[in-house]
Amino acid sequence: EAGVAQSPRYKIIEKRQSVAFWCNPISGHATLYWYQQILGQGPKLLIQFQNNGVVDDSQLPKDRFSAERLKGVDSTLKIQPAKLEDSAVYLCASSLGTGSTLSGNTIYFGEGSWLTVV
Amino acid sequence: GIQVEQSPPDLILQEGANSTLRCNFSDSVNNLQWFHQNPWGQLINLFYIPSGTKQNGRLSATTVATERYSLLYISSSQTTDSGVYFCAVEDNAGKSTFGDGTTLTVKP
């Protein structure tokens with residue numbers, strides 16, 4: 001079974017530029033998550049999709065971050081304009097079931113997209 | 001929101017040793033999970049354990065929800081156990097919070 005695919009793996013941009021990350025979840029998984037992990041910290045949930053609807057985006061900085069899930073499958077996360085504090089790993093994850101992030105559905109993570117803003 | 005504290009922040013073991021990692025949380029939770037992040041950044045779900053005890057091979061976990069803590073036990077540690085172990089909880093509103101993790105290094 002193919003895992004969660006993310007690209008690009010690494011990206012370096014200057015502040016005020018824009019960047020987009022792409023995620024392809026495991027086939028058939030209804031729920032897709034984007035997390036931000038700053039070095040030395042645990043992942044922070046940015047947005048959770050169930051099929052192509054948004055379940056939770058309470059921690060997404062909506063003035064600069066946006067995300068969409070196309071036809072309930074692939075997803076993109078965009079940052080515009082980027083700030084220095086956006087330097088982090090952006091993790092995409094998916095799970096088969098619906099409901100909350102920790103409701104017992106096994107969550108599968110991608111390898112992450114490493115962003116450095118200079 | 002809920003505060004999640006993990007201890008110790010860093011742990012160095014010799015191969016074959018046992019260890020206990022702790023996760024304290026500040027309020028009642030609906031769910032709790034343990035994850036392992038390997039040195040290449042890959043996160044793997046270990047246990048879903050809002051209460052009680054579970055075991056999977058050399059790993060086991062216990063959550064005492066009434067006292068707001070969970071423990072992850074690693075027995076006969078191996079070098080492949082190295083990485084960061086995260087505890088993540090979900091509050092009654094469905095919001096999830098990860099702790100800052102315990103970094104485990106197992107030396108051969």
Inside 10 Å of the C-beta atoms of A:39-45, what's the mean count of C-beta atoms belonging to other chains? 6
If you put +1 on each Lys and Arg Cβ and -1 on each Asp and Glu Cβ, how big is the dipole of the protein assembly as shown around its Cα centre, in Debye rounded to 20? 340 debye
Taking Cα pairs closer than 8 Å and at least 6 residues apart, the relative contact order of the stretch B:1-101 in percent is 36 percent
Could you give the length gained on full extension between residue B:56 and residue B:5, defined as 0.36 nm per residue of separation minus the Cα-Cα distance, in nm? 16.0 nm
Here the whole-number average of other chain Cβ atoms within 10 Å per Cβ of B:92-103 is 5
Ignore the peptide's own chain and count Cβ atoms of other chains within 10 Å of each Cβ in A:51-61; give me the average, rounded. 1
Centre separation in Å (Cα based) which lies between the stretch A:3-47 and the stretch B:1-66: 24 Å
Have a look at the stretch B:4-44 and report residues whose accessible surface goes down by 20 Å² or more when the remaining protein chains are included, against the chain on its own, probe 1.4 Å, ligands and DNA/RNA excluded. B:31, B:33, B:35, B:37, B:40, B:41, B:42, B:43
Using the Cα gyration tensor of chain A, the equivalent ellipsoid's semi-axes, largest first and to the nearest Å, work out to 23, 14, 13
In Å², rounded to the nearest 100, what is the total accessible surface buried by chains B and A against each other with a 1.4 Å probe? 1600 Å²
Going by average Cβ neighbours within 10 Å, how do the peptides A:7-20, B:16-29 rank, with the highest at the top? B:16-29, A:7-20
Average accessible area per residue (Å²) across the protein assembly as shown - probe 1.4 Å, nucleic acids and ligands excluded: 47 Å²
Which one, B:24, B:71, A:76, projects farthest toward the positive side of the charge dipole computed for the protein assembly as shown from Cβ point charges (K/R +1, D/E -1)? A:76
Over chain A, what is the relative contact order in percent, taking alpha-carbon pairs closer than 8 angstrom and at least six residues apart? 36 percent
Report the Cα-based extents of the protein assembly as shown along its three principal axes, largest first, to the nearest Å. 47, 36, 36
Evaluated at 10 °C and 1.306 mPa s, the Stokes-Einstein D of the stretch B:12-108 based on the Kirkwood radius over Cα pairs, in µm²/s, stands at 117 µm²/s
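The values are calculated or read from the model by the stated rules, or taken from the named source; none is laboratory data. It should be emphasised that the depicted structure is a prediction, and the values quoted were computed from it without experimental measurement. Positions of Cβ are generated from backbone atoms using ideal geometry, with glycine treated the same way; all protein chains shown enter the neighbour counts. Note: accessible area is taken over every heavy atom of the protein model, side chains too, but ligands, DNA and RNA are not part of it. Shrake-Rupley method; radii C 1.70, N 1.55, O 1.52, S 1.80 Å.
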